[in-house]
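Since the structure comes first, as structure tokens, the remarks are kept for the end.
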Ligand code: BYC
Ligand code: FE
Ligand code: FE
């Protein structure tokens, strides 16, 4: 279904057939724009950015690249194509036709899930709003803004569902999504990681690698939902998410590459003196971003998760491809938990372990990316491996939240952990050093000295391409 760009709100849901909904969203639109101007990328609203815009929801639809001022970006409502035959394929409603309306008994639960998802999207834009001022290149600057406008669109995706299916409560939630603020004492964003600062580009790349990847896994689970409009909107969001994770993975790979070049050139691991980011510091940033992202999966053993599944609201990652009864009444799952002072694997009912299982899928995906970074190190002939820390390390949520766990998985007295902290997590001095590297580079084709150039340009543009026009 083609996207209608003639309308004030681009969409592929025939919005003009529902005047009431259209009017309500047209009233929300200027408030979104006010929020974007206040809380979106600082200092770059007037400039033209080389951005992609969806023109249809199939693979070809991403071919559209062009210069756009961010406030003119065509945020809209895009759902993956409907499948009229679609059925709920897990939980107690398995086999029933997918819901086109919200089942009354699940209204509150479903709204909560949608609000939680929706809240992360503007939160990340708020977290990243100052980064444009210190971008290491025009290429990176453009990628930041691409991520930002798409997170803005993800907010639209959830706000559409709230307005279209949840009546007055939904409209109120849509307002609140513009009122909470990342890191604000009085009105914080809902989930922990979205109240942390993203003060520098190393944090940004780690965030898009680790935290956007939580987005991938959560969206994939919601894309299985029996509530069909949610499933379809999440399926399209996932196509946008892939680029965010690409930015993170290649961003870190380029930092690693530059670090290795400096190590070999100067025959030292201490590359800070030469303007690079040492591998130990990269490891500490990795430890932080990975573990705050693990917290986003909730408690590993959770009755909420069991209920979401049984109700048919939130499935497993690639639910359809799993070869079991899709009810999980009798199945078990091995969950890592602290027991008598050590981390052990314990069999738990599969239903209540769904958060742990999704988190484990996520960890395997993270490990593949880390292995690719290690390839860069290995190819440079350097003997060092980046590692994901143990799942119990540095946790605020779940079974390990009340335990002090080292990166290699030992449960230790709290004082020992505090003594180890500076070797494991970024220190104030690390932050200060990284901050000192953050000087903007705005000449086309040039890159800050702490990061290598990318292998190829966006949409195959040449190295000196002007991704952002300052005129
Ligand atoms: N911080 O049974 P529990 C993305 C709360 S990222 C604060 O342990 P449950 C993106 C929980 O709400 C994807 N609170 O967990 C990425 C519950 O509260 P109530 C975002 C937390 O409910 C980058 C209580 O603790 N999408 O898209 O099974 C850039 C006990 O809950 C946290 C979603 O999250 C936390 N970390 O699962 C832009 C999908 N963790 O009910 C965007 C929707 C838990 O006792 N959300 N709590 O008051 C969900 O599926 C679930 O809400 C969660 C939690 C997986 C988050
Ligand atoms: Fe998103
Ligand atoms: Fe994202």
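The values are calculated or read from the model by the stated rules, or taken from the named source; none is laboratory data. No experiment lies behind these values; they were computed from the predicted model shown. Cβ sites come from the backbone with ideal geometry, for glycine too, and all protein chains shown count toward neighbours.
Numbers at a glance
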item: Among (1) surrounded by fewer than 17 Cβ atoms within 10 Å (Cβ to Cβ); (2) touching a strand residue (DSSP E or B) at 6+ places or on another chain (Cβ under 8 Å); (3) farther than 28 Å from residue 346 by Cα - the single one residue 409 does not satisfy; result: (3)
item: Residue 90 being farther than 28 Å from residue 328 by Cβ and in contact with a helix residue (DSSP H, G or I) (Cβ under 7 Å, 6 or more places away or on another chain); result: no
item: Residue count for the stretch 322-367, restricted to those that are free of Cβ contacts under 8 Å to residues at least 24 places away in the same chain and at negative phi; result: 18
item: Qualifying residue in the stretch 87-99 (condition: over 30 Å from residue 134 (Cα atoms), assigned to a helix (DSSP H, G or I) and touching a strand residue (DSSP E or B) at 6+ places or on another chain (Cβ under 8 Å)); result: no
item: Residues that are out of contact with any helix residue (DSSP H, G or I) (no Cβ under 6 Å at 6 or more places or on another chain), assigned to a helix (DSSP H, G or I) and under 27 Å from residue 98 (Cα atoms), drawn from the stretch 280-319; result: 303, 304, 306, 307, 308, 319
item: Residue tally, condition exposed (fewer than 14 other Cβ atoms within 10 Å of the Cβ) and either on the phi > 0 side of the Ramachandran plot or in contact with a strand residue (DSSP E or B) (Cβ under 6 Å, 6 or more places away or on another chain) (or both), over the stretch 51-63; result: 0
item: The listed residue being in contact with a helix residue (DSSP H, G or I) (Cβ under 8 Å, 6 or more places away or on another chain) and surrounded by fewer than 18 Cβ atoms within 10 Å (Cβ to Cβ), out of 41, 46, 71, 84; result: 71
item: Selection from the stretch 234-256 of residues that are more than 14 Å from ligand 3 (Cβ to nearest atom), surrounded by 23 or more Cβ atoms within 10 Å (Cβ to Cβ) and either more than 26 Å from residue 453 (Cβ to Cβ) or under 16 Å from the mean Cα position of the chain (by Cα) (or both); result: 252
item: Flag for residue 120 being buried (at least 22 other Cβ atoms within 10 Å of the Cβ) and under 30 Å from residue 52 (Cα atoms); result: yes
item: Among residues of the stretch 290-313, those that are more than 10 Å from ligand 1 (Cβ to nearest atom) and either surrounded by fewer than 23 Cβ atoms within 10 Å (Cβ to Cβ) or over 26 Å from the mean Cα position of the chain (by Cα) (or both), counted; result: 2
item: Some residue of the stretch 268-279 being more than 14 Å from ligand 1 (Cβ to nearest atom), assigned to a helix (DSSP H, G or I) and either within 16 Å of residue 205 (Cβ to Cβ) or touching a strand residue (DSSP E or B) at 6+ places or on another chain (Cβ under 6 Å) (or both); result: yes
item: Test: residue in the stretch 20-39 that is in a loop (DSSP other than H, G, I, E, B) and either on the phi < 0 side of the Ramachandran plot or at pLDDT 95 or above (or both); result: no
item: Selection within the stretch 208-241 - away from ligand 2 (no atom under 12 Å from the Cβ) and under 30 Å from residue 275 (Cβ atoms); result: 209, 210
item: Residues that are farther than 13 Å from residue 161 by Cβ and within 11 Å of ligand 1 (Cβ to nearest atom), drawn from the stretch 224-239; result: 238
item: Filter result for residue 376 (in contact with a strand residue (DSSP E or B) (Cβ under 7 Å, 6 or more places away or on another chain), surrounded by 13 or more Cβ atoms within 10 Å (Cβ to Cβ) and touching a residue at least 40 places away in the same chain (Cβ under 8 Å)); result: no
